[in-house]
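Since every read-out is calculated from the coordinates, none of them should be taken as a lab result. The structure presented is a predicted model; accordingly, all values stated were derived computationally and were not measured. Counting neighbours? That spans all protein chains shown, and the Cβs are built from the backbone with ideal geometry, glycine included.
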Amino acid sequence: MKTMIIVAEGLEECEAMMTYDLLFRAGIEVELVGLTKEICSSHNVIFNAHKTIDEIDPEEYECLVLPGGMPGTLNLENDERVQKLIDIFVSEDKYIAAICAAPSILIHKGLLKEGHFICFPGFENGLVPAKEKAIRDGRFITGKGLGAAVEFSCLIIEALLGKEKADDVKERIQY
């Protein structure tokens, strides 16, 4: 079970890294896939992606994660390669998870339904979001923001490996 977290200049690094950490603890093979090899976050944290988006084979992955942050979300949305990946994952009925501002990318593509997603306030694009910190609706998992990163990540773990594994991770991190 392999998951990619797409990272772009200006992302919210804690949303990406918290998700990475918790999926890793669950035993999920997870990779940071960058629009470029070196990434600078919205808080000026510089790190390297494991691979660039041009180096991956989408068929190897079961889940695509889009972290939020600004202008990271805009950089993800404006990248044709990311748009193509989303289309591939939708057509192959694979999981897509987005947190904070990033669910707006899926909203703009008409993929999320009113009341069945959550995002950072102000990025709803006229739709009414759910009330939860994080929510799963079929193959879409969304989170409200950094404060919901644990719930968001555990919903991904639950979708991929089951509730017992997600609960185990929560217990091990003292959540």
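Here are a few things to note about the model shown:
- Gain on full extension, evaluated as 0.36 nm per residue between E59 and D137 minus their Cα-Cα distance, stands at 25.9 nm.
- Taking a ≥ b ≥ c as the square roots of the eigenvalues of the Cα gyration tensor, segment 71-165 is oblate, since a/c reaches 1.5 or more and a/b is not larger than b/c.
- Sequence of S42, S153, S91, S104 once ranked by neighbouring C-beta atoms within 10 Å, starting from the fewest: S91, S42, S104, S153
- Centre-to-centre, using Cα atoms only, segment 125-169 and segment 1-42 are separated by 16 Å.
- Using a cutoff of 8 angstrom between alpha carbon atoms and counting only pairs six or more residues apart, the relative contact order for the chain works out to 21 percent.
- Listed from fewest to most Cβ neighbours within 10 Å, the set M4, M18 follows the order M18, M4.
- Identified option (computed Rg and Dmax of the Cα atoms in Å; candidates (1) 15.6, 50; (2) 14.4, 40; (3) 23.5, 99): (2)
- The simple spin-label model puts a point 7 Å past each Cα toward its Cβ; for R25 and D168 those points are separated by 1.3 nm.
- Dipole of segment 2-172 [Lys/Arg +1, Asp/Glu -1 at C-beta], most positive-end residue of L11, P71, A148: A148
- In this Cβ point-charge picture (+1 for Lys and Arg, -1 for Asp and Glu), the chain has a dipole of about 440 debye about its Cα centre.
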